[in-house]
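Visitor: For reference, the structure I am asking about is given below.
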Amino acid sequence: MISFLFSCTSIRSLESRQQLLHCLQKCWQFSNEPMKVFNDPIHGHIELHPLLVRIVDTPQFQRLRHIKQLGGTYLVFPGASHNRFEHSVGVGYLAGSLVQALNERQPELLISKQDILCVQIAGLCHDLGHGPFSHMFDGMFIPKVRPEMNWKHETASVQMFDHLVKVNNLEPVMEKYGLSLPGDLIFIKEQIAGPLDNIASGSKWPYKGRSEEKSFLYEIVANKRNGIDVDKWDYFARDCYHLGIQNNFDYHRFLKFARVCDVKGKKHICTRDKEVGDLYDMFHTRNCLHRRAYQHKVGNIIEVMITEALVKADPHIQIRGSSGKMYKMSEAIEDMEAYTKLTDHIFEQILYSSNPELSEAQAILQNIICRQLYKCVGQTTPETQLNVSQCLKFVHFYCKNDPNKAIKIRKNQVSKLLPERFAEQLIRVYCKKTDERSLEAAKKYFVQWCMNRNFSKPQDGDVTAPELTPLKRDWQTDDDDSDEGGRGSRLPVNGERSVKTNLFNAQ
């Protein structure tokens with residue numbers, strides 16, 4: 001059909017053919033069915049393609065309404081009541097916005113209707129695999145009950161997506177809207193979790209859903225190269241909105257200046273050189289969210305306590321899965337039918353159960369409800385920090401006078417006041433016992449432990465005990481602002497008093 005049009009119109013140049021193809025594609029993108037409008041507090045009135053609406057209207061996707069975006073943080077920040085559902089809808093919308101912006105700005109990229117739809121679906125479904133209380137489940141609970149597994153929620157997202165498509169018979173619907181199966185399904189799953197293990201080994205280009213000519217499409221939903229993707233854009237804006245924290249990153253400007261450039265034979269998404277400051281603001285916003293909310297000392301200990309309750313309850317909770325088989329919480333990740341039923345509601349299910357075997361788990365959850373939490377003894381910063389790469393090391397830019405040439409911008413070209421990295425490592429100690437004697441002893445031994453390793457003086461604890469002094473030597477004073485104050489050579493470890501770990505065991 002396209003060849004016939006080219007021959008009839010006598011269009012010979014490659015550029016003219018690409019422009020005509022782009023116009024035809026834009027015409028084909030109109031659907032006879034109306035787009036559904038969602039009124040989102042972050043992005044306003046947004047439209048979703050009918051196929052995306054079909055995916056949203058499934059039990060597997062609706063499950064995300066019952067999983068808090070920030071897990072236990074909601075029990076510290078009253079406004080953080082948003083769920084994975086609205087975040088996923090927002091990411092689907094932003095994914096479509098970015099790929100369509102690239103399509104309109106650079107028709108020579110030959111981005112098809114199928115490409116756009118697949119990117120939108122990947123954005124919509126990227127968090128299908130989250131468990132109760134979001135990252136608490138895959139970051140704390142599963143490592144405790146299944147330490148042999150290297151399980152990630154992205155893996156579960158791919159499995160849940162397959163399950164969603166199968167049980168809701170969506171393959172014919174996808175084909176109706178122009179998707180080519182199974183290739184486009186592979187492309188969608190690769191955007192969520194990266195190269196699929198069974199097809200990536202031994203291949204120079206690890207992806208099978210799209211060729212290397214369209215490598216930039218893999219940088220939209222989950223950017224494995226530099227971390228700048230629409231997933232972050234939405235949760236920055238959404239989390240800041242609900243937490244009451246200022247968001248300094250404006251993704252609208254990135255959409256306006258995003259452009260695909262060739263970088264060593266591969267196509268990558270770049271932005272204007274003048275936008276480098278906006279990207280630093282993005283990483284600064286991420287750092288602020290972690291320091292003020294995600295790593296909040298009370299929110300973290302609440303998630304530790306919820307995890308302990310789930311671990312104690314795990315042998316006594318049964319979830320019906322495929323073919324009527326029963327699974328424990330820790331086993332539900334093996335069966336998507338059972339996993340669909342596992343949400344934040346497990347908290348109330350345990351708390352109000354009449355099963356006497358759940359009494360220990362109930363006691364922990366009751367302590368959370370009554371705010372009888374473990375106490376933070378303090379936190380310190382180790383001398384040796386994690387090896388974190390510079391935030392813009394893998395980001396490329398382009399200039400106004402040569403928009404097709406990718407360039408690098410060094411930090412010292414932007415400002416000498418910018419930080420080296422937007423990450424830090426903290427060591428935080430909590431004490432389960434809340435009596436004064438135990439807390440004082442825990443504080444004392446934590447101070448000594450930090451001294452022996454030349455770590456910074458513990459701060460920000462819930463315990464104030466001015467009578468506690470270091471066991472071996474004087475340390476930093478409160479009015480010493482120098483980085484080296486109080487940091488002598490490390491004390492010998494031989495013969496140093498061991499920390500009484502029994503202080504941290506439950507009564």
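The values are calculated or read from the model by the stated rules, or taken from the named source; none is laboratory data. Bear in mind that the values here come from a model prediction, so they are computed numbers and not experimental data. Virtual Cβ from ideal backbone geometry, glycine too; neighbours counted across all protein chains shown.
Visitor: Out of (1) at pLDDT 95 or above; (2) not in a loop (DSSP other than H, G, I, E, B), the odd one out for ASN198 is which?
Guide: All conditions are met except number (1).
Visitor: Going residue by residue through region 28-39, is there one that turns out to be at pLDDT 95 or above, out of contact with any strand residue (DSSP E or B) (no Cβ under 6 Å at 6 or more places or on another chain) and either assigned to a helix (DSSP H, G or I) or among the hydrophobic types (A, V, I, L, M, F, W, C) (or both)?
Guide: No, there is no match, as no residue in region 28-39 is at pLDDT 95 or above, out of contact with any strand residue (DSSP E or B) (no Cβ under 6 Å at 6 or more places or on another chain) and either assigned to a helix (DSSP H, G or I) or among the hydrophobic types (A, V, I, L, M, F, W, C) (or both).
Visitor: Which of (1) surrounded by 16 or more Cβ atoms within 10 Å (Cβ to Cβ); (2) in a helix (DSSP H, G or I); (3) at pLDDT 95 or above; (4) in contact with a Lys or Arg (Cβ under 8 Å, 6 or more places away or on another chain) is the odd one out, the single condition ILE269 does not satisfy?
Guide: Here ILE269 clears every test but (2).
Visitor: Being out of contact with any helix residue (DSSP H, G or I) (no Cβ under 8 Å at 6 or more places or on another chain) and free of Cβ contacts under 8 Å to residues at least 60 places away in the same chain is true for just one of PRO59, PRO50, PRO78. Which residue is that? Reasoning before the result, please.
Guide: On the way: PRO59 fails: free of Cβ contacts under 8 Å to residues at least 60 places away in the same chain; PRO50 fails: free of Cβ contacts under 8 Å to residues at least 60 places away in the same chain.
Every option except PRO78 fails the conditions.
Visitor: Sticking with this one: Looking only at region 316-332, how many residues end up being assigned to a helix (DSSP H, G or I) and either in contact with an Asp or Glu (Cβ under 9 Å, 6 or more places away or on another chain) or of a type in the set (Asp, Glu) (or both)?
Guide: Looking only at region 316-332, we keep the residues that are assigned to a helix (DSSP H, G or I), and these are 316, 322-324, 329-332.
Still in the list and also either in contact with an Asp or Glu (Cβ under 9 Å, 6 or more places away or on another chain) or of a type in the set (Asp, Glu) (or both): 316, 322-323, 329-331.
Total meeting the criteria: 6.
Visitor: Also, quick follow-up: Specify the residue that is nearest to ALA95 (Cα to Cα); the eligible residues are those in region 112-133 that are of a type in the set (D, E, K, R) and part of a helix (DSSP H, G or I). Break it down into steps so the answer makes sense when it comes.
Guide: Going residue by residue through region 112-133, those that are of a type in the set (D, E, K, R) are 113, 115, 127.
Now narrow it down to the ones that are part of a helix (DSSP H, G or I): 113, 115.
On the way: LYS113: 14, ASP115: 11 Å.
The selected residue is ASP115.
Visitor: Have a look at HIS87, HIS45 and point out the one that is in a helix (DSSP H, G or I) and modelled with pLDDT of 95 or more.
Guide: Being in a helix (DSSP H, G or I) and modelled with pLDDT of 95 or more holds for just one of HIS87, HIS45, which is HIS87.
Visitor: Could I ask something else about it? Among the candidates ARG105, ARG146, which residue alone is closer than 30 Å to ASN404 by Cβ and of a type in the set (Lys, Arg)? Working first, answer last.
Guide: Values: ARG146 fails: closer than 30 Å to ASN404 by Cβ.
Exactly one residue qualifies, and that residue is ARG105.
Visitor: Here are the criteria: (1) among the acidic types (Asp, Glu); (2) out of contact with any strand residue (DSSP E or B) (no Cβ under 8 Å at 6 or more places or on another chain); (3) at pLDDT below 95. Tell me which single one GLU303 does not satisfy.
Guide: That leaves (3) as the condition not met.
Visitor: Something else now. Sort out which residues of region 317-336 are more than 27 Å from the chain's Cα centre (by Cα) and either small (Gly, Ala, Ser) or surrounded by fewer than 17 Cβ atoms within 10 Å (Cβ to Cβ) (or both), and write them in order of number.
Guide: GLN318, ARG320, GLY321, SER322, SER323, GLY324, LYS325, MET326
Visitor: Sticking with this structure for a sec: Taking the condition of being closer than 22 Å to VAL37 by Cα and either of a type in the set (S, T, N, Q) or without any contact (Cβ under 8 Å) to a residue 12 or more places away in the chain (or both), how many residues in region 89-119 meet it? Quick ask: steps written out before the conclusion?
Guide: Taking region 89-119 as the starting set, the residues that turn out to be closer than 22 Å to VAL37 by Cα are 89-101, 113-119.
This time we only want the ones that are either of a type in the set (S, T, N, Q) or without any contact (Cβ under 8 Å) to a residue 12 or more places away in the chain (or both), so: 97, 100, 114.
Residues meeting the conditions: 3.
Visitor: I would also like to ask the following. Suppose we filter ARG291, ARG286 for residues that are within 20 Å of the chain's Cα centre (by Cα) and surrounded by fewer than 16 Cβ atoms within 10 Å (Cβ to Cβ); which single one remains? Please lay out each step first, then the result.
Guide: Working: ARG286 fails: surrounded by fewer than 16 Cβ atoms within 10 Å (Cβ to Cβ).
The conditions single out ARG291.
Visitor: Also: Return the residue satisfying two criteria in turn: it lies in region 73-85 and is in contact with a Phe, Trp or Tyr (Cβ under 9 Å, 6 or more places away or on another chain) and under 23 Å from PRO59 (Cα atoms), and of such residues it is surrounded by the most Cβ atoms within 10 Å (Cβ to Cβ).
Guide: Ranking the qualifying residues of region 73-85, first place goes to HIS82.
Visitor: Exactly one condition in (1) assigned to a helix (DSSP H, G or I); (2) out of contact with any helix residue (DSSP H, G or I) (no Cβ under 9 Å at 6 or more places or on another chain) is not met by GLU148; state its number.
Guide: (1)
Visitor: Quick check on this structure: which one of GLN362, GLN379, GLN372 is among the polar types (S, T, N, Q) and touching a strand residue (DSSP E or B) at 6+ places or on another chain (Cβ under 6 Å)? Let's see the steps before the verdict.
Guide: Details: GLN362 fails: touching a strand residue (DSSP E or B) at 6+ places or on another chain (Cβ under 6 Å); GLN372 fails: touching a strand residue (DSSP E or B) at 6+ places or on another chain (Cβ under 6 Å).
GLN379 is the lone residue from the list that is among the polar types (S, T, N, Q) and touching a strand residue (DSSP E or B) at 6+ places or on another chain (Cβ under 6 Å).
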